[in-house]
Structures are given as structure tokens and as C-alpha cells.
1. State all residues of the stretch A:119-145 that are more than 21 Å from A:SER72 (Cα to Cα) and among the aromatic types (Phe, Trp, Tyr); if no residue qualifies, say none.
2. Restricting attention to the stretch A:185-210, and to residues there that are assigned to a loop (DSSP other than H, G, I, E, B) and hydrophobic (A, V, I, L, M, F, W, C), which single residue is nearest to B:LEU127 (Cα to Cα)?
3. Does A:VAL190 satisfy the condition of being touching a Ser or Thr at 6+ places or on another chain (Cβ under 6 Å), surrounded by fewer than 22 Cβ atoms within 10 Å (Cβ to Cβ) and not charged (D, E, K, R)?
4. Identify, please: which residue in the stretch A:31-47 is in a helix (DSSP H, G or I), more than 10 Å from chain B (Cβ to nearest Cβ) and in contact with an Asp or Glu (Cβ under 9 Å, 6 or more places away or on another chain) and is, among those, surrounded by the most Cβ atoms within 10 Å (Cβ to Cβ)?
5. Could you tell me whether the stretch B:263-285 includes any residue that is touching a Pro at 6+ places or on another chain (Cβ under 9 Å) and over 15 Å from B:VAL67 (Cβ atoms)?
6. Would a scan of the stretch A:199-217 turn up a residue that is surrounded by fewer than 19 Cβ atoms within 10 Å (Cβ to Cβ) and under 25 Å from the mean Cα position of the chain (by Cα)?
7. Could you list all residues from the stretch A:70-91 that are facing another protein chain (nearest Cβ under 8 Å), small (Gly, Ala, Ser) and part of a loop (DSSP other than H, G, I, E, B)?
Amino acid sequence: MNRLTIATAMAVALGMSAPTMAQIKLADVAELSGPGATVGTNWKNGIDLAVAEINEKGGILGQKIEVTHADSQSNPGIARAQVQKALDGNPYVLLGPGYSGSVKVTASLAQQAEIAQIMGGEAAELTQAGNPYLFRTSFGQQSSMPKVARYIAEEVKAKSVAVVWVNNDFGKGGRDMITKELAKRNVKVVADLSTEAGQADFAADAVKVKNANPDAVFIYLNEEESARALKEFRRQNIQAPLIGETTLIGQKVIELAGDAANGAKGHVGLTTDAPVPAVAAFRDRFAKKYNYVPDHNGIKGYLSIYVIKAVTEKMGKVDPKGFAKTLHGMTIKPEQEPGILMEVTYDANGDIDRQSFMAEVVGGKQVVKEILPKMGN
Amino acid sequence: MTGRTKTMLAALALAAGIAALVLVPLLLNRYGLYILSMWAIMSIAAIGLNLTLGYAGQVSLAQGAFVGIGAYAAAIITTQGWPLVAALVVAVALCFVIGWLLGYPALRVQHHYLAFVTLAFSTLAYLVFRNEEWLTKGIYGITGVPRPTLFGWPLAAPLRFYYFCLAALGIVFAGAWWLVRSPWGRAFMALRENPMRAMSLGVDTRRYTLMAFAIGSSLGGVAGVLYAPLVEFIDPTPFTLGLSLNLLMMVIVGGSGFLFGPLLGALISVLLPEWLRFSEGLYLIVYALFVMILLAWSPTGILGIVDRYLARRRARAASAARSAAMPEALP
């Protein structure tokens, strides 16, 4: 038994280290366990789907893609170890992590190694540190919050807002950004409610929102907590419009909250319900392979691979050093690269610009109310 | 085997172990060095908990919080331009005082009740790390924690920093070795085995209970002071209850109350999940199963197995000697 185990282990180890000819090596470090497991698993599955699609069609410039996934356990200390390990293996591009704290601790390593890092973090400050190797896959909060604040001030015409946010790096970043943007537009924050990740009971928060009597409520929580908050706010009959981001009106929230989700509005950068046929087709392929509908992290992972494909094909060679330089200022259009789903432009900081939507949940479905053009236009 | 050869063998094994810890890293890449540095740091924290739990018998679920206090002290002080030594002094003093205060409930409650008191402290510490933004920068964390210089020698390179952590571990280990052999260590053990009897023999149980907490906690602080420059970034997420439970597991799996126990426990906790990564998605499940089976097989940890084996051998040798001596004794 013992010998058999050792033999199996050795076989696995040998199989993994077997020399690979003309392959593009990508290394992904993601939150596959711990509190970020939903984020990381969606991200990983999106990557795997795109890699399988591209390899089926012959790869990039005739080279197959090989991707390894490492689990950061949602812990920055372990993320650093895994990124170090990944970089020691000289990947073409580093993918992930998704948590902003983990991105912060690993970005300098990728920069030292001069390897481009395409990550999922959304905190505003990530791309403001002048690291030329760091790229986003979604809007940073500094791009999305001004759009939400504008909507609250000009469309809803709210003078006062209650902000309900989850106290982790994602929620705190969003809360700080929206507060700043609302202040610019003379909208007062009358209740500033911090909640815990995984919080089950929002009754006290609902009472506080009611007492503050705001013109609108901005909700910035993870998907499951969003559903619980929506249910409680409806139960306590809060009449003010409930406005949020991608995480308030996503598919998962609608499933969990049922009727309580109806009427919730949000700004959506990337959604599987976007009124774009290519996105709908992606959602179906993903659901067929993994038996569930992805959240926006699934799309982010998927797009990261097609960004790599577009950049590599533009360069005409697999050049790790030239990658970051080529991607800065590049616009990728779906006409040239259908896998990119929607036109996207990268700026000099590694931030992206893309069309986005204001959507509302109507009758248990996310309905797009307004298409917000690219900011550069 | 005579007592002398046994001592020789033990010394030889120790020398081989130290040589391996010094020489093997020369062959490792940055990832391997990072993991080994992490092992050294976690070992220091676990040695501290082993003093509190293994020797003095006080269940603490707050060791992770002390690592956090040490890490934050190091991050805050060194990013202000002060040397790491200053952070070390502050962290050790702070953890000693807080550990001493946390020991007071231990004078009134024992075992799992005490675990709950320390658990509450652990949660409280996390909330302070996260919410007191003016001091800790909250959830965003503190970036750019510098690696120290020692007598003008920069320790930024992974290999040098590893040796620095290893040296710290060596010093802490030697200190713990001395402590458990001193009258203090004996008082700790008396406290664990039978507090009533210890008191009747004149051991100041009150002072030693507080001392056990304070010393164990300050070693947690030492580990934290090394953790911050290793990762070069600190946010509250690593210092949740999970770390305290992990450290508790290291002590128990290695062998609670054995001097080498925490080192082995940390080896399993830090390195085993890394070795098991070849099983991809299953690695944490395999790891959990291993720990469960190990503890079901030997509740006293790995060194408990060795201890039982040695005890059996000694018993066999003694009974063989007895039976060999028997015929001569009888006429």
C-alpha cells in the first residue's frame, strides 16, 4: 500500500514536470478556498473554459496554452508564497489573485520579475502605484462609483443616501469611493452602516436605514449578504430606491432573494445578463460545462485569457517582456477577437474602459435600463 | 546502550538537523525559502503556545492575536523609519503585559471555559486591527514593510532573511529549553499536573499562571515581528481565529509538552499542505484527513508516538534485564 502510494505520487509528480514543447505557460493564483472561494472558483472556471476553447482551435500562434492553478486560501501571506512559486516557474503571464490585499502583496514580485499580471482586484489604489505590469479585468471602483453617484444625484435626484457596506477590502474601498463621489455632487450620507462578511441578520441595519429616512439606499455587499439585506429591507417596508453595483442585482442574488430583489437597481460593468449576444452565448457555454451560471468573476477569468490571446497575436510572438508594453493603450474589439465579448480599452495604468449598464430587477429578471458608453468616448 | 552513547546520539541527531536547516536552503529557490522562513516563524509562535498549553496546561485560543499584535507593531514602527529591534522591544513588552492581563481569567476559569475567554480576546484583537484605521490602516493594510538590516547587513534577500528567522528560532528554542529545565519549568508542569498539590507545596500558582501566559504571548509577538517583514505587507485577514486554531493544532499534532513538538507541528502545518498541492483541489481535504487520522491514532501527537515507542523499549529492556538477573538471584 505504502509503495503504491509513493509510486502514484511519483507518477503524478513526473507527469506534472514532463517537458512541454512549445506551450504557453500561464500561472493562476486564486482564492480557491477560504472566504474568497466563490470569487476564485468562478475566476478559475472562466480561465479553464477560455483555455479549452482556444486550445481546441489550435492555441495561440500555433502554441497550446497550459495553465496551472494555485490556491491562496484567501490569505495574502499564502498568496505571496504561491505567486513566488509561480514566478520561479517563469510563466508567460501571471493571472490573479482576486482579493485586493493579495494583489497588493504580490504585484511587486511580478513587477520585479517583469512579468505581466492580469488580476481580479477592484480596489482603486491598485493601479495607482505606477506598476507598469499590473492589469485589471473589470472596472476599478474609481471607474464604477462615479457612474453610480451620477445616477443617484441626477436620475434619482436623491439629496440624502444611506450607505450599507461590507467591512472588507472590497466593501471599504467601494464605500470610501462612493462617499467621495456623492460629496462632490452635494448628496449627504445620512447613514453609514458597516456590516460583516457572512452576516445573516440585517434587521438592525434596516431599522437604522429607516430611522435615517434617506432618499436612496446604496448597498455594497457580497452576493449572499445582498440577498439577505434585500429581503429584510423589503420586510421592514423601506420605500427608498435600493441601488448598488454588480453584486446587488446579479443572478445569484435574484435566485436567493426572490421577489425581494424586484425593483433593485444597479450599475453593472460585467454581467451575464448584458444585452450582448456574445455574452449570452458565453453564459450558456459556461453553464453547460459547470452546471451553474457564473457571476462576474467567471467573465473576468474568461476575458483575461482572451486579452492574452489578442496581445500575443498583435505582437506576433510570445514575448513576456513586450506583453505589458503592448497592452498599454490597446483597444480590443470583438470583431477582431470574438472571445473578448465587448470592446475594451486598456489605459496607461492598466485600468480598463468598457461600456457598462444601469439595470433593474423586474419580475425576477435583470433588465438593462440604460447603456452607459465608454468614458473615453 | 549506555547513557553516554545515548547523549552522543542525540547530540549527533541535533547537529545533523541544524546542518540540514543551514545547508539545504542553499539549494532552494525563493518560494522554498519563503515557506521555510514561514515555518521558522510559526515554530516560534507555537513554542510560545507550547509553554502556555503544553507545559502550564492553560488552553489559549489567542496566540494568533499575539502574532498579529507583534506584526502590527513591526509594520507600524518600521514603516516610520525605526529599526526592527525597536519593534521587537515594543512587541515583546506589549504582548507580555497583555498576556499577563489575559492570564487573570485563567485564575478563575479552566479548560474550555478559558478557551472561550481567550477566543473572545482573539476576536477583539481582530476588530481592533480592522477598525482602528488611524493606527492600523484598517482593512487596506500596511504596505511596504521593510526587511531589516543587521549590523549594516541588509537582510532583504530571501536566503539572508531565512537565516535571520532561523537564528531567531534557535535563540527562542534555546531559551525554551533552558526555561523548562529551570525551576520555572518545573513549576509550570506542577501547575499542569496538579495545581492543588503545587499550591500546597508552596508554588505560587497565581504568579506562575500569569507568567505562563505572559511568556507564551510574548513569543507570539516575536513571531509577529518576523512575519511582517517576511510578507512585507500586513492586513487583518491572517490574524483571525483561524491562525490561533492553526497554532493550537501545531502544538497538539507535534506533541504538546514536548520541546520539539511545535517544530514538528509547524512543519506539518506549513509544509504538508504545500507538498500535497500535487493533488490540486483535494489538497486541503487530504491534509485534514491526515491530521484527523494522526490524532485518532496518537492523541499525544507525533512525539507521543516516539515517546510510547521508547517507553516500550525501555520496559522490554528492563524486563529482559530482570529475567536475566532472576536465575542468579535464585539459589
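What follows draws every value from the coordinates through simple rules; no lab data is involved. Note that this is a predicted model, so its numbers are computed, not measured. All Cβ positions, even for glycine, are placed from backbone atoms using ideal geometry, and neighbour counts span all protein chains on display.
1. A:PHE139, the sole residue that qualifies.
2. Taking the stretch A:185-210 and keeping what is assigned to a loop (DSSP other than H, G, I, E, B), we get A:185-187, A:196-202.
When the remaining residues are screened for being hydrophobic (A, V, I, L, M, F, W, C), the result is A:187, A:197, A:200, A:202.
Details: A:VAL187: 30, A:ALA197: 13, A:ALA200: 18, A:PHE202: 19 Å.
Out of the qualifying residues, it is A:ALA197.
3. Numbers: touching a Ser or Thr at 6+ places or on another chain (Cβ under 6 Å): yes; surrounded by fewer than 22 Cβ atoms within 10 Å (Cβ to Cβ): yes; not charged (D, E, K, R): yes.
Spelling it out, A:VAL190 is indeed touching a Ser or Thr at 6+ places or on another chain (Cβ under 6 Å), surrounded by fewer than 22 Cβ atoms within 10 Å (Cβ to Cβ) and not charged (D, E, K, R).
4. Applying the first criterion (in a helix (DSSP H, G or I)) to the stretch A:31-47 yields A:37-47.
Now narrow it down to the ones that are more than 10 Å from chain B (Cβ to nearest Cβ): A:37-40, A:42-43, A:45-47.
From what is left, the residues that are in contact with an Asp or Glu (Cβ under 9 Å, 6 or more places away or on another chain) are A:37-40, A:42-43, A:47.
On the way: A:ALA37: 15, A:THR38: 16, A:VAL39: 27, A:GLY40: 29, A:ASN42: 26, A:TRP43: 33, A:ILE47: 26.
Of everything passing the filter in the stretch A:31-47, A:TRP43 is surrounded by the most Cβ atoms within 10 Å (Cβ to Cβ).
5. Taking the stretch B:263-285 first, the residues touching a Pro at 6+ places or on another chain (Cβ under 9 Å) are B:283-284.
Next, only the ones that are over 15 Å from B:VAL67 (Cβ atoms) stay: B:283-284.
Yes, the conditions are met somewhere in the stretch B:263-285.
6. The initial filter retains those residues of the stretch A:199-217 that are surrounded by fewer than 19 Cβ atoms within 10 Å (Cβ to Cβ), namely A:199-201, A:203-204, A:207-208, A:210-213, A:215.
Those still in the list that are under 25 Å from the mean Cα position of the chain (by Cα) too: A:199-200.
Checking the stretch A:199-217: at least one residue is surrounded by fewer than 19 Cβ atoms within 10 Å (Cβ to Cβ) and under 25 Å from the mean Cα position of the chain (by Cα).
7. Of everything in the stretch A:70-91, just one residue is facing another protein chain (nearest Cβ under 8 Å), small (Gly, Ala, Ser) and part of a loop (DSSP other than H, G, I, E, B), namely A:SER74.
Quick grid of which residues meet (1) within 14 Å of another protein chain (Cβ to nearest Cβ); (2) assigned to a helix (DSSP H, G or I); (3) without any contact (Cβ under 8 Å) to a residue 40 or more places away in the chain:
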{"site": "B:LEU264", "(1), (2), (3)": "no, yes, yes"}
{"site": "B:LEU272", "(1), (2), (3)": "yes, yes, yes"}
{"site": "B:LEU276", "(1), (2), (3)": "yes, yes, yes"}
{"site": "B:ALA288", "(1), (2), (3)": "yes, yes, yes"}
{"site": "B:ILE293", "(1), (2), (3)": "yes, yes, yes"}
{"site": "B:THR300", "(1), (2), (3)": "no, no, no"}
{"site": "B:GLY304", "(1), (2), (3)": "no, yes, no"}
{"site": "B:ARG308", "(1), (2), (3)": "no, yes, yes"}
